[in-house]
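Asker: Below: one structure in structure tokens.
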Amino acid sequence: MGMSAAKVLLISLFLIAGMLLPGIVWQPKGSFEVWNIMENDFPRNGSSEEKMTFLLNYAILAPSIYNTQPWRFNVSDGSIMVMADESRWLEAADGNKREMHISIGNALENLIIAADHFGYNHTVSYVSGDECIIARVSLQPSAQAPMDPQLFSAITSLEKSSPSKTNESLPEQDSVPQTANQIDLANIESISTDQDIRVFLIDDPDIRSRFLNLTLNADQVLYSDIEFKSELGHWISRGAMGPTGVQAKIDQIKVAFLDSVPGQIEKDSEIINSSLYLGFITSQMNDPESQVRAGQLFERIRLLSSSANLSLQPMNQALQAVETESEVNGLLGEKSEALNSPFVQQIFCLDVVGPANELTPRRPLEEVLI
């Protein structure tokens with residue numbers, strides 16, 4: 001069914017306004033320059049505060065729900081306070097703030113990996129009972145060699161070098177490995193040393209089929225919700241998803257006024273059906289600290305997957321929709337119950353190669369420092 005005359009008129013007026021007022025309507029939010037950070041710029045002769053502030057250049061490269069980057073930081077007294085930016089909480093897509101906390105956990109993990117690389121031991125103290133303060137990271141200079149050089153390197157290279165299934169430069173199909181290296185998978189499954197946060201890699205056809213149905217149901221629910229579409233469109237218009245300027249506004253209009261369900265269902269079906277494994281990160285508790293720690297594990301897995309030339313695609317729609325969330329928590333059954341880890345916090349698809357990740361903008365560091 002085509003758009004109504006009112007919608008066509010509204011879109012036309014919106015586009016005309018954009019062309020007449022490019023400085024107001026088309027101004028992209030965020031910067032791509034932060035990706036050009038150079039390791040040699042570390043202020044080795046600077047103050048302790050200057051060194052710790054430099055580490056945050058890596059923290060802000062972390063992924064986040066719809067690239068909202070819902071974090072703030074404060075550097076003082078030999079520690080870094082990691083905080084939530086509540087103004088960037090997505091009420092429609094993330095009603096329980098789970099993915100906001102996971103996003104902050106991603107940034108926290110990047111900070112820890114960078115600190116290790118530049119010669120710091122760290123202690124993380126999680127803060128409970130405070131809506132804004134998430135954790136305090138205490139840093140102490142260390143003479144030990146970095147523990148995770150491959151993870152540090154992946155922080156800045158991840159979105160620039162992911163292989164693409166449609167890239168013409170890929171080898172012939174019969175020379176592309178069809179299964180992930182078992183050593184790589186073992187590394188991913190054993191990467192968590194936290195007994196309360198687990199990761200499961202699943203290739204069970206039944207679980208895949210049930211998860212696919214839940215995801216497609218969630219797509220129907222989410223992309224039929226005007227508040228969800230409005231919220232998503234807002235962040236698209238700010239350039240959060242990669243495209244900026246006119247293209248970002250066009251993409252916003254598509255989400256807001258067109259029926260996105262068929263296209264989203266087709267896209268998600270292809271990703272889930274073609275992936276080698278489904279990944280589930282689960283926790284013993286379902287509180288903000290557990291969600292932050294789940295985000296830390298997810299970021300380590302994401303970086304490790306990149307180092308192993310594996311493609312990782314987040315797939316959390318079935319957790320975002322209230323109608324399907326409880327069923328997702330029951331998908332793993334005995335697998336998670338045996339380890340007393342019943343709450344699914346993050347889901348992802350793992351494959352040998354995948355779509356090239358488009359470079360996405362980040363807020364300048366000075367904007368997130370308080």
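The values are calculated or read from the model by the stated rules, or taken from the named source; none is laboratory data. Bear in mind the structure is a predicted one, so any value in this text is a computation, not a measurement. Methodologically, a virtual Cβ is constructed for each residue, glycine included, from the backbone with ideal geometry; neighbour enumeration extends over all protein chains shown. Protein only, heavy atoms only, side chains kept; ligands, DNA and RNA dropped before computing areas. Shrake-Rupley method; radii C 1.70, N 1.55, O 1.52, S 1.80 Å.
Asker: With +1 on each Lys and Arg Cβ and -1 on each Asp and Glu Cβ, and nothing else charged, work out how big the dipole of region 240-369 is about its Cα centre, in Debye to the nearest 20.
Answerer: Using Cβ point charges on Lys, Arg, Asp and Glu, region 240-369 gives about 400 debye.
Asker: Just to make sure I understand: if all protein chains stay in place, what is the order of E189, E270, E109 by accessible area at 1.4 Å, largest first?
Answerer: Ranked list, largest accessible area first: E270, E189, E109.
Asker: Hey, could you get me the Stokes-Einstein D for region 231-356, Kirkwood radius over alpha-carbon pairs, 10 °C and 1.306 mPa s, rounded to whole µm² s⁻¹? The partial results should precede the final answer.
Answerer: Values: Rh = 16.5 Å.
So the translational diffusion coefficient is about 96 µm²/s.
Asker: Carbon-plus-sulfur fraction of the accessible area of region 238-370, 1.4 Å probe, in percent?
Answerer: Carbon and sulfur: 52 percent of the exposed surface of region 238-370.
Asker: Seen from all sides and averaged, what is the projected area of the convex hull of the Cα atoms in region 27-70, in nm²?
Answerer: 4.0
Asker: Quote the FRET efficiency, to the nearest 0.05, computed for E91 versus S142 with a Förster distance R0 of 45 Å and r equal to the Cβ-Cβ distance.
Answerer: 0.60
Asker: How large is the accessible surface of F200 in square angstrom, using a 1.4 angstrom probe and rounding to the nearest 10?
Answerer: Its accessible surface works out to 30 Å², give or take rounding.
Asker: Rounded to the nearest 20 Debye, what is the dipole magnitude of region 189-254 about its Cα centre when Lys and Arg each give +1 and Asp and Glu each give -1 at the C-beta?
Answerer: Computed about the Cα centre, the dipole is about 440 debye.
Asker: Another question, then. Relative contact order of region 225-358: what whole-number percent is it, with Cα pairs under 8 angstrom and at least 6 residues apart?
Answerer: This gives 29 percent for region 225-358.
Asker: Then there's this: Take the Cα of D203, step 7 Å along the line toward its Cβ, and report every residue of region 272-289 whose backbone nitrogen sits under 11 Å from that point.
Answerer: Only 276-278 pass the distance filter.
Asker: For L359 paired with D77, estimate the spin-label separation in nm (one decimal), with each label point 7 Å from Cα along the Cα-to-Cβ line.
Answerer: Taking the simple label geometry, L359 and D77 are separated by 4.0 nm.
Asker: Can I ask one more? Stretch S224-N45 to full length: gain in nm at 0.36 nm per residue minus the Cα-Cα span?
Answerer: Length gained between S224 and N45: 58.9 nm.
Asker: Also, I was wondering about something else. For V368, V322, write out the residues from largest to smallest accessible area, computed with a 1.4 angstrom probe and no ligands counted. Kindly include the intermediate steps, with their values, before the conclusion.
Answerer: Numbers: V368 0, V322 115 Å².
The ordering from most to least exposed comes out as V322, V368.
Asker: At 1.4 Å probe size, what's the solvent-accessible area of K97? Round to the nearest 10 Å².
Answerer: 30
Asker: Next question. How big is the convex hull of the Cα atoms of region 46-85, per residue, in Å³?
Answerer: Working: hull volume 2.1 nm³, N = 40.
Dividing the Cα hull volume of region 46-85 by its residue count gives 53 Å³.
Asker: Let me ask something else. Taking 0.36 nm per residue of sequence separation and subtracting the Cα-Cα distance, how much length would be gained by fully extending the chain between E189 and S326, in nm to one decimal?
Answerer: Gain on stretching E189 to S326: 46.9 nm.
Asker: On to the next question. If you look at just the Cα atoms of region 181-244, how large are its Rg and its Dmax in Å?
Answerer: Just the Cα atoms of region 181-244 yield Rg and Dmax of 17.8, 45 Å.
Asker: Dividing the alpha-carbon radius of gyration of region 282-370 by 2.2 N^0.38 Å (N being the number of residues), what value is obtained? Could the numbers behind the result be given before it?
Answerer: Numbers: Rg = 15.6 Å, N = 89, 2.2 N^0.38 = 12.1 Å.
Region 282-370 yields a ratio of 1.29.
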